[in-house]
Amino acid sequence: MWAMLLLHSIIMSTIENAIAFLRQSIYKETAQEHLKDTVDNVASCLVLLNSSRPSFQAIEKLRSVLREPFQPLYDAYQAPALQLTSAVLSNILGEKLSDAYIRGDPRLYAEWDKTAYVLLSGVLDALEKPASDHFKVDVGKFLYPTICDFFFRERSQSSPRSSVELCVTAFSILSDAAHGQKSNQIFLRDKAYLGPERLGIMISTSRDYLITESLLTLFARLLSTERVADGGSMRTRFVQETLGSPELFKCNEELARILHEASTSDWDIIAIQLISALAKSDITYPQPFSVKEINACGYVFPQPGASDRLILDRQGLLVNVILPTVSHCCS
């Protein structure tokens, strides 16, 4: 009990310090009055984290300030804003979810899971803009340790599962911030934080297509063309350490062959080949089916792309289509 209270006190102190640092940064500039109001509004809602059992309405109010209101803060004061995001994320992942699980309250757990998803979705929104290298570096500095510690740690069979949406968003942040950013790639290759073995374990245990897809994208971001001291390829070593274990993958040799003999640089095609190999080796993995078109809800969606598949996993059916109302592909 005392340990939990001490942890709560430390985390809340970290959040308060992050708010103070963000306010200090903004208050130096008189032209940022609207951002002062934004921070005051965010801070007033973050007080709800002090409650050991807030109402669902209170959690919903907290979520309302964790995505859109953070966007101008990420634009203007990225380091202080990401420091605050990290502190709030640590509170939710390290305390709120654990407390809901111990209480045996699945609905409360789902509410906090959704809150973490909303918070991280705001970071992903910022990364999907033309993000600067500095922003990616700060994402690595402030969020990588928390995300890696929570999502890639060993869990017992009885531990609750995070939602697919939260996992995919977290892994997408790791991937997007590592794209073209060598320091973040080096961090994620480090076994102290993530490393190939833990990434391989996560890929081997995933049975949800969207999670598997996002983990393979992260894997692709971390492949390197550099050489190591013994003259070998860092790429070959990373592939072997991630996907080469026969204990984790019955098709480990096939996975290595696909990556070694890839005749295209189109990762979508390579990824579906890897997913197909996993599916053939074990029926519990997501199962891809090649079809010419999908007929659903009165619409016919052609599937012309080599990487387009109808996917069956434990969540249901998934397909990529171009909807009549938009011009981009949706899942």
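Return the residues of segment 115-131 that are open to solvent by 50 Å² or more (accessible area, probe 1.4 Å) and not acidic (Asp, Glu); say none if nothing qualifies.
Residues satisfying the conditions are Tyr117, Lys129, Pro130.
Does segment 245-255 include one or more residues that are among the aliphatic types (A, V, I, L, M), modelled with pLDDT of 95 or more and under 25 Å from Ala170 (Cα atoms)?
yes
Could you give me the residue pairs with C-beta distances under 7 Å whose first residue belongs to segment 113-126 and is closer than 15 Å to Cys45 by Cα and at pLDDT 95 or above, whose second residue is open to solvent by 10 Å² or more (accessible area, probe 1.4 Å) and not in a helix (DSSP H, G or I) wherever it lies, and which are 6+ apart or on separate chains?
Val118/Arg67
Against the definition (at pLDDT 90 or above, of a type in the set (Gly, Ala, Ser) and open to solvent by 70 Å² or more (accessible area, probe 1.4 Å)), how does Ser52 come out, yes or no?
Here the answer is no, as Ser52 does not meet what is asked.
Take the residues in segment 250-267 that are in a helix (DSSP H, G or I) and of a type in the set (A, V, I, L, M), then tell me which one is farthest from Ile283 (Cα to Cα).
Leu259
Search segment 163-183 for residues that are assigned to a loop (DSSP other than H, G, I, E, B) and pair each with any residue that is basic (Lys, Arg) and open to solvent by 30 Å² or more (accessible area, probe 1.4 Å) when their beta-carbon atoms are under 7 Å apart and the residues are at least 6 apart or on different chains.
Correct list of pairs: His179/Arg221.
Between a residue in segment 24-47 that is at pLDDT 90 or above and any residue that is among the small types (Gly, Ala, Ser), which pairs come within a Cβ distance under 7 Å, given they are 6 or more apart or on different chains?
Note: pairs meeting the criteria are Leu35/Ala76.
Regarding segment 132-155, can at least one residue be identified that is within 22 Å of Ser52 (Cα to Cα), at pLDDT 95 or above and either open to solvent by 40 Å² or more (accessible area, probe 1.4 Å) or out of contact with any helix residue (DSSP H, G or I) (no Cβ under 8 Å at 6 or more places or on another chain) (or both)?
Within segment 132-155 (the criterion being within 22 Å of Ser52 (Cα to Cα), at pLDDT 95 or above and either open to solvent by 40 Å² or more (accessible area, probe 1.4 Å) or out of contact with any helix residue (DSSP H, G or I) (no Cβ under 8 Å at 6 or more places or on another chain) (or both)), the answer is no, since none of the residues qualifies.
In segment 289-320, how many are in a strand (DSSP E or B) and free of Cβ contacts under 8 Å to residues at least 60 places away in the same chain?
13
When the residues of segment 1-18 are filtered to those that are open to solvent by 20 Å² or more (accessible area, probe 1.4 Å) and modelled with pLDDT of 80 or more, which remaining residue is nearest to Ser64 (Cα to Cα)?
Glu16
Any idea which residue in segment 279-299 is farthest from Glu213 (Cα to Cα), counting only those that are aliphatic (A, V, I, L, M) and open to solvent by less than 80 Å² (accessible area, probe 1.4 Å)?
Ala296
Could you give every pair whose Cβ atoms fall below 8 Å, whose first residue belongs to segment 54-67 and is touching a residue at least 40 places away in the same chain (Cβ under 8 Å), and whose second residue is of a type in the set (Lys, Arg), counting only separations of at least 6 or pairs across chains?
From segment 54-67, the pairs are Phe56/Arg107; Arg63/Lys114.
The values are calculated or read from the model by the stated rules, or taken from the named source; none is laboratory data. Computed from a prediction, not measured in an experiment: that's the story for all the values here. Positions of Cβ are backbone-derived with ideal geometry, glycine not excepted, and every protein chain shown enters the neighbour counts. These area figures cover heavy atoms from the full protein model, side chains too; ligands, DNA and RNA do not enter into them. Shrake-Rupley method; radii C 1.70, N 1.55, O 1.52, S 1.80 Å.
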